[in-house]
Amino acid sequence: MNAHPLPEPQDRPARLTVGVVGAGRVGPALAASLRLAGHRPVAASGVSDASVRRAAALLPEVPIVPPAEVLARAELVLLTVPDDALPDLVSGLAETGAVRPGQLLVHTSGRYGTAVLDPALRAGALPLALHPVMTFTGTPVDVQRLAGCSFGVTAPEELRMAAEALVIEMGGEPEWIAEEARPLYHAALAIGANHLVTLVAQAMDLLRTAGVGIPDRMLGPLLGAALDNALRSGDAALTGPVARGDAGTVAAHVAELHRHAPQAVPGYLAMARTTADRALAHGLLKPELAEDLLGVLSDVSDVPGRGGAEG
(Lines give C-alpha, C1' and ligand atoms only; values in the text may rest on other atoms or scores of the structure.)
Protein backbone atom coordinates (compact mmCIF):
# COMPACT_ATOMS: atom_id res chain seq x y z
CA MET A 1 0.00 0.00 0.00
CA ASN A 2 1.33 3.45 -0.91
CA ALA A 3 2.66 5.14 2.21
CA HIS A 4 2.47 8.57 0.60
CA PRO A 5 -0.87 10.38 0.54
CA LEU A 6 -1.83 11.86 -2.80
CA PRO A 7 -0.58 15.42 -3.15
CA GLU A 8 -2.91 18.31 -2.57
CA PRO A 9 -4.66 19.38 -5.79
CA GLN A 10 -2.46 22.47 -6.19
CA ASP A 11 0.66 20.29 -6.04
CA ARG A 12 -0.52 17.68 -8.54
CA PRO A 13 0.28 17.90 -12.25
CA ALA A 14 -2.66 18.86 -14.42
CA ARG A 15 -4.37 16.07 -16.34
CA LEU A 16 -1.99 15.53 -19.23
CA THR A 17 -1.92 13.88 -22.61
CA VAL A 18 0.68 11.11 -22.47
CA GLY A 19 2.91 9.65 -25.17
CA VAL A 20 5.29 6.70 -25.11
CA VAL A 21 8.46 6.52 -27.19
CA GLY A 22 9.59 2.92 -27.06
CA ALA A 23 6.73 0.51 -26.38
CA GLY A 24 8.87 -2.07 -24.61
CA ARG A 25 7.88 -3.64 -21.32
CA VAL A 26 8.06 -0.46 -19.24
CA GLY A 27 6.46 2.36 -21.19
CA PRO A 28 2.97 0.93 -21.80
CA ALA A 29 2.68 -0.13 -18.14
CA LEU A 30 3.56 3.35 -16.87
CA ALA A 31 1.20 4.98 -19.36
CA ALA A 32 -1.58 2.61 -18.28
CA SER A 33 -0.95 3.58 -14.65
CA LEU A 34 -1.10 7.26 -15.53
CA ARG A 35 -4.38 6.63 -17.33
CA LEU A 36 -5.81 5.18 -14.10
CA ALA A 37 -4.79 8.44 -12.40
CA GLY A 38 -6.76 10.47 -14.93
CA HIS A 39 -4.13 11.28 -17.55
CA ARG A 40 -4.83 10.43 -21.20
CA PRO A 41 -2.47 8.31 -23.31
CA VAL A 42 -2.71 9.54 -26.89
CA ALA A 43 0.19 8.01 -28.86
CA ALA A 44 2.94 5.42 -28.71
CA SER A 45 5.84 4.38 -30.92
CA GLY A 46 7.06 0.87 -31.41
CA VAL A 47 8.88 -1.02 -34.13
CA SER A 48 8.71 -4.72 -33.34
CA ASP A 49 5.59 -6.85 -33.47
CA ALA A 50 6.02 -7.51 -29.75
CA SER A 51 5.99 -3.77 -29.03
CA VAL A 52 2.82 -3.28 -31.03
CA ARG A 53 1.14 -6.16 -29.21
CA ARG A 54 2.14 -4.79 -25.79
CA ALA A 55 0.80 -1.36 -26.65
CA ALA A 56 -2.44 -2.88 -27.90
CA ALA A 57 -2.89 -4.90 -24.71
CA LEU A 58 -2.08 -2.14 -22.22
CA LEU A 59 -3.12 0.92 -24.22
CA PRO A 60 -6.06 -0.13 -26.37
CA GLU A 61 -7.10 2.33 -29.08
CA VAL A 62 -3.87 4.35 -28.66
CA PRO A 63 -2.35 4.77 -32.14
CA ILE A 64 1.16 3.63 -33.01
CA VAL A 65 2.98 6.52 -34.69
CA PRO A 66 6.60 7.64 -35.28
CA PRO A 67 8.45 9.16 -32.29
CA ALA A 68 8.22 12.73 -33.61
CA GLU A 69 4.45 12.35 -33.90
CA VAL A 70 4.29 11.09 -30.31
CA LEU A 71 5.93 14.31 -29.17
CA ALA A 72 3.61 16.38 -31.35
CA ARG A 73 0.53 14.89 -29.67
CA ALA A 74 1.60 14.59 -26.01
CA GLU A 75 2.26 17.01 -23.17
CA LEU A 76 4.03 14.31 -21.12
CA VAL A 77 6.33 11.99 -23.05
CA LEU A 78 7.78 8.79 -21.60
CA LEU A 79 11.12 7.89 -23.18
CA THR A 80 11.33 4.18 -22.40
CA VAL A 81 14.14 2.93 -24.61
CA PRO A 82 17.29 0.97 -23.62
CA ASP A 83 19.90 2.97 -21.73
CA ASP A 84 22.44 2.96 -24.55
CA ALA A 85 19.86 4.27 -27.04
CA LEU A 86 18.67 7.16 -24.88
CA PRO A 87 21.36 9.83 -25.59
CA ASP A 88 21.03 9.54 -29.38
CA LEU A 89 17.24 9.51 -29.17
CA VAL A 90 17.17 12.71 -27.11
CA SER A 91 19.69 14.45 -29.39
CA GLY A 92 17.81 13.40 -32.49
CA LEU A 93 14.44 14.59 -31.22
CA ALA A 94 15.92 17.94 -30.18
CA GLU A 95 17.82 18.46 -33.45
CA THR A 96 14.76 17.78 -35.59
CA GLY A 97 12.61 20.23 -33.66
CA ALA A 98 10.29 17.58 -32.25
CA VAL A 99 10.66 18.87 -28.68
CA ARG A 100 8.23 21.62 -27.66
CA PRO A 101 8.82 24.27 -24.96
CA GLY A 102 7.08 23.32 -21.73
CA GLN A 103 6.79 19.65 -22.66
CA LEU A 104 7.50 17.17 -19.88
CA LEU A 105 10.10 14.63 -21.01
CA VAL A 106 10.42 11.66 -18.65
CA HIS A 107 13.00 8.92 -19.12
CA THR A 108 12.97 5.71 -17.11
CA SER A 109 16.65 4.77 -17.25
CA GLY A 110 18.28 3.84 -13.97
CA ARG A 111 21.74 4.77 -15.22
CA TYR A 112 21.03 8.37 -16.17
CA GLY A 113 19.78 11.41 -14.31
CA THR A 114 18.50 14.48 -16.11
CA ALA A 115 21.79 15.54 -17.75
CA VAL A 116 21.11 13.13 -20.60
CA LEU A 117 18.06 15.27 -21.40
CA ASP A 118 20.11 18.48 -21.75
CA PRO A 119 19.55 18.74 -25.54
CA ALA A 120 15.80 18.69 -24.92
CA LEU A 121 16.18 21.11 -21.99
CA ARG A 122 17.86 23.59 -24.34
CA ALA A 123 14.82 23.23 -26.60
CA GLY A 124 12.55 24.20 -23.70
CA ALA A 125 11.50 20.78 -22.38
CA LEU A 126 11.04 20.00 -18.69
CA PRO A 127 13.32 17.05 -17.80
CA LEU A 128 12.48 14.28 -15.32
CA ALA A 129 14.19 10.96 -14.55
CA LEU A 130 11.75 8.47 -13.01
CA HIS A 131 13.17 4.96 -12.75
CA PRO A 132 10.80 2.25 -11.48
CA VAL A 133 12.66 -0.25 -9.30
CA MET A 134 10.82 -3.24 -10.67
CA THR A 135 11.21 -5.94 -13.29
CA PHE A 136 8.56 -5.84 -16.00
CA THR A 137 6.86 -8.62 -17.93
CA GLY A 138 5.13 -6.55 -20.60
CA THR A 139 1.70 -7.70 -19.40
CA PRO A 140 -1.12 -6.03 -17.44
CA VAL A 141 0.21 -7.51 -14.17
CA ASP A 142 2.95 -4.86 -14.29
CA VAL A 143 0.40 -2.12 -13.59
CA GLN A 144 -0.60 -3.86 -10.37
CA ARG A 145 3.02 -4.39 -9.34
CA LEU A 146 3.67 -0.65 -9.44
CA ALA A 147 1.70 -0.31 -6.20
CA GLY A 148 4.34 0.36 -3.56
CA CYS A 149 7.20 0.17 -6.09
CA SER A 150 10.09 2.54 -5.40
CA PHE A 151 11.10 5.01 -8.12
CA GLY A 152 14.54 6.59 -8.34
CA VAL A 153 13.68 10.27 -8.94
CA THR A 154 16.03 12.92 -10.30
CA ALA A 155 14.76 16.30 -11.44
CA PRO A 156 15.54 20.01 -11.21
CA GLU A 157 14.52 21.39 -7.85
CA GLU A 158 11.66 23.39 -9.37
CA LEU A 159 10.20 20.18 -10.86
CA ARG A 160 10.75 17.93 -7.86
CA MET A 161 7.20 18.25 -6.58
CA ALA A 162 5.71 17.44 -9.99
CA ALA A 163 8.03 14.45 -10.40
CA GLU A 164 7.14 13.02 -7.02
CA ALA A 165 3.44 13.63 -7.67
CA LEU A 166 3.57 11.64 -10.91
CA VAL A 167 5.26 8.74 -9.12
CA ILE A 168 2.67 8.75 -6.36
CA GLU A 169 -0.16 8.85 -8.90
CA MET A 170 1.28 5.69 -10.46
CA GLY A 171 1.15 4.03 -7.03
CA GLY A 172 4.90 4.30 -6.47
CA GLU A 173 7.18 5.52 -3.71
CA PRO A 174 9.52 8.36 -4.78
CA GLU A 175 13.14 8.14 -3.63
CA TRP A 176 15.35 11.13 -4.47
CA ILE A 177 18.63 10.18 -6.19
CA ALA A 178 21.28 12.84 -6.84
CA GLU A 179 22.46 13.19 -10.44
CA GLU A 180 26.01 12.08 -9.64
CA ALA A 181 24.78 9.04 -7.68
CA ARG A 182 22.71 7.52 -10.51
CA PRO A 183 25.38 5.10 -11.83
CA LEU A 184 26.13 3.74 -8.34
CA TYR A 185 22.40 3.49 -7.57
CA HIS A 186 21.87 1.52 -10.78
CA ALA A 187 24.85 -0.75 -10.12
CA ALA A 188 23.41 -1.61 -6.70
CA LEU A 189 20.09 -2.60 -8.25
CA ALA A 190 21.80 -4.70 -10.91
CA ILE A 191 23.77 -6.58 -8.26
CA GLY A 192 20.64 -7.21 -6.22
CA ALA A 193 18.17 -8.12 -8.97
CA ASN A 194 19.97 -9.16 -12.14
CA HIS A 195 22.64 -11.20 -10.38
CA LEU A 196 19.99 -12.79 -8.16
CA VAL A 197 18.23 -14.19 -11.22
CA THR A 198 21.52 -15.62 -12.49
CA LEU A 199 22.32 -17.21 -9.13
CA VAL A 200 18.86 -18.76 -8.75
CA ALA A 201 18.84 -20.12 -12.30
CA GLN A 202 22.30 -21.59 -11.80
CA ALA A 203 21.29 -23.18 -8.49
CA MET A 204 18.28 -24.81 -10.19
CA ASP A 205 20.50 -26.18 -12.97
CA LEU A 206 22.88 -27.72 -10.43
CA LEU A 207 20.03 -29.26 -8.47
CA ARG A 208 18.69 -30.85 -11.64
CA THR A 209 22.17 -32.28 -12.29
CA ALA A 210 22.13 -33.63 -8.73
CA GLY A 211 18.85 -35.43 -9.47
CA VAL A 212 16.30 -33.05 -7.93
CA GLY A 213 13.10 -33.27 -9.94
CA ILE A 214 11.47 -29.96 -8.97
CA PRO A 215 14.27 -27.61 -7.95
CA ASP A 216 12.09 -24.52 -7.77
CA ARG A 217 9.91 -26.18 -5.12
CA MET A 218 13.00 -27.04 -3.10
CA LEU A 219 14.57 -23.60 -3.41
CA GLY A 220 11.43 -21.49 -2.90
CA PRO A 221 11.15 -21.67 0.90
CA LEU A 222 14.92 -21.48 1.40
CA LEU A 223 15.45 -18.48 -0.85
CA GLY A 224 12.36 -16.72 0.44
CA ALA A 225 13.62 -17.04 4.01
CA ALA A 226 17.15 -16.00 3.01
CA LEU A 227 15.89 -12.90 1.20
CA ASP A 228 13.64 -11.92 4.08
CA ASN A 229 16.45 -12.41 6.60
CA ALA A 230 18.91 -10.43 4.47
CA LEU A 231 16.52 -7.51 4.06
CA ARG A 232 15.86 -7.48 7.79
CA SER A 233 19.33 -8.18 9.15
CA GLY A 234 21.92 -7.60 6.43
CA ASP A 235 25.23 -9.40 7.01
CA ALA A 236 23.97 -10.83 10.28
CA ALA A 237 21.81 -13.18 8.18
CA LEU A 238 24.86 -14.89 6.61
CA THR A 239 24.89 -18.67 7.09
CA GLY A 240 26.50 -21.64 5.38
CA PRO A 241 29.97 -23.14 5.10
CA VAL A 242 31.74 -19.95 4.01
CA ALA A 243 30.38 -17.89 6.91
CA ARG A 244 31.25 -20.76 9.30
CA GLY A 245 34.75 -21.19 7.88
CA ASP A 246 34.24 -24.82 6.79
CA ALA A 247 37.18 -24.91 4.39
CA GLY A 248 36.87 -28.64 3.73
CA THR A 249 33.24 -28.32 2.67
CA VAL A 250 34.03 -25.40 0.39
CA ALA A 251 36.87 -27.38 -1.21
CA ALA A 252 34.48 -30.26 -1.81
CA HIS A 253 31.98 -27.88 -3.42
CA VAL A 254 34.61 -26.54 -5.79
CA ALA A 255 35.80 -30.03 -6.71
CA GLU A 256 32.26 -31.10 -7.60
CA LEU A 257 31.63 -27.94 -9.58
CA HIS A 258 34.83 -28.52 -11.57
CA ARG A 259 33.61 -32.04 -12.31
CA HIS A 260 29.98 -31.34 -13.19
CA ALA A 261 29.65 -27.61 -13.98
CA PRO A 262 33.04 -25.94 -14.53
CA GLN A 263 31.32 -22.83 -15.88
CA ALA A 264 29.93 -22.25 -12.37
CA VAL A 265 33.34 -22.24 -10.65
CA PRO A 266 34.35 -18.58 -11.25
CA GLY A 267 31.05 -17.29 -9.88
CA TYR A 268 31.19 -19.58 -6.86
CA LEU A 269 34.74 -18.48 -6.03
CA ALA A 270 33.96 -14.78 -6.45
CA MET A 271 30.87 -14.95 -4.25
CA ALA A 272 32.62 -17.14 -1.68
CA ARG A 273 35.44 -14.62 -1.31
CA THR A 274 33.02 -11.73 -1.00
CA THR A 275 30.92 -13.65 1.52
CA ALA A 276 34.03 -14.51 3.55
CA ASP A 277 35.15 -10.88 3.59
CA ARG A 278 31.75 -9.69 4.80
CA ALA A 279 31.42 -12.48 7.38
CA LEU A 280 34.89 -11.71 8.71
CA ALA A 281 34.19 -7.97 8.93
CA HIS A 282 30.90 -8.66 10.71
CA GLY A 283 32.50 -10.97 13.26
CA LEU A 284 30.74 -14.12 12.06
CA LEU A 285 33.84 -15.78 10.61
CA LYS A 286 36.70 -16.42 13.03
CA PRO A 287 40.07 -15.12 11.77
CA GLU A 288 41.82 -18.45 12.34
CA LEU A 289 39.21 -20.21 10.18
CA ALA A 290 39.23 -17.46 7.55
CA GLU A 291 42.91 -18.10 6.82
CA ASP A 292 42.29 -21.75 5.87
CA LEU A 293 39.15 -20.88 3.94
CA LEU A 294 40.76 -18.12 1.87
CA GLY A 295 43.72 -20.40 1.28
CA VAL A 296 41.40 -23.01 -0.26
CA LEU A 297 39.78 -20.41 -2.48
CA SER A 298 43.12 -18.98 -3.54
CA ASP A 299 44.68 -22.38 -4.21
CA VAL A 300 41.77 -23.41 -6.40
CA SER A 301 41.55 -20.24 -8.46
CA ASP A 302 45.20 -19.45 -8.96
CA VAL A 303 46.17 -22.66 -10.79
CA PRO A 304 45.76 -21.97 -14.53
CA GLY A 305 43.78 -24.56 -16.46
CA ARG A 306 43.09 -26.65 -13.39
CA GLY A 307 40.34 -29.13 -14.18
CA GLY A 308 39.51 -30.09 -10.64
CA ALA A 309 40.25 -29.36 -7.01
CA GLU A 310 41.89 -31.54 -4.48
CA GLY A 311 40.25 -31.54 -1.20
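The values are calculated or read from the model by the stated rules, or taken from the named source; none is laboratory data. If you're wondering where the values come from, they're calculated on a predicted model, not measured in any experiment. Please note: Cβ atoms are built from the backbone with ideal geometry, for glycine as well, and neighbour counts cover all protein chains shown. Quick note on the areas: whole protein, heavy atoms, side chains included, nothing else; ligands and nucleic acids left out. Shrake-Rupley method; radii C 1.70, N 1.55, O 1.52, S 1.80 Å.
Length available on full extension from residue 210 to residue 158: 0.36 nm per residue minus the Cα-Cα distance, which gives 12.9 nm.
Distance from the alpha carbon centroid of segment 130-175 to that of segment 41-86 works out to 18 angstrom.
For semi-axes √(5λ) of the Cα gyration tensor in Å, the candidate list reads (i) 25, 22, 19; (ii) 46, 21, 19; (iii) 28, 22, 20; the entry that matches the value derived from this model is (ii).
Here the Karplus curve 6.51 cos²θ - 1.76 cosθ + 1.60, taken at θ = phi - 60°, turns the phi angles of segment 117-134 into couplings of 8, 4, x, 6, 4, 5, 8, x, 6, 9, x, 9, 10, 10, 9, x, 8, 7 Hz, with x standing for Gly and Pro. In this structure, residue 271 and residue 122 have a Cβ-Cβ separation that, at R0 = 35 Å, corresponds to a calculated FRET efficiency of about 0.20.
GNM on the chain, C-alpha springs below 10 Å: top fluctuator among 103, 144, 263? Fluctuation is largest for 263. For the chain, with all protein chains in place and a probe radius of 1.4 Å, 58% of the accessible heavy-atom surface sits on carbon or sulfur. Under the criterion of Cα pairs below 8 Å and six or more residues apart, the relative contact order for segment 200-269 equals 21 percent.
Give the percent of DSSP beta bridges with both residues in the chain that are antiparallel, rounded to the nearest 5. The answer is about 15 percent antiparallel.
Here the contact order of the chain, divided by its residue count and restricted to Cα pairs under 8 Å and six or more residues apart, works out to 14 percent.
Remark: relative contact order (segment 14-97) = 38 percent; criterion is Cα-Cα distance under 8 angstrom and separation of 6 or more residues.
Modelled spin labels at residue 72 and residue 259, positioned 7 Å past Cα toward Cβ, are 6.8 nm from each other. Here's the picture: charge each Lys and Arg Cβ at +1 and each Asp and Glu Cβ at -1 in the chain, and of 206, 282, 58 the one pushed furthest to the positive end of that dipole is 58.
When the Cα gyration tensor is reduced to axis lengths a ≥ b ≥ c, the ratio a/c is 1.5 or higher for segment 39-159, and with a/b not above b/c it is classed as oblate. Applying 1/(1 + (r/R0)^6) with R0 = 30 Å to the Cβ-Cβ distance of residue 235 and residue 48 gives a FRET efficiency near 0.10.
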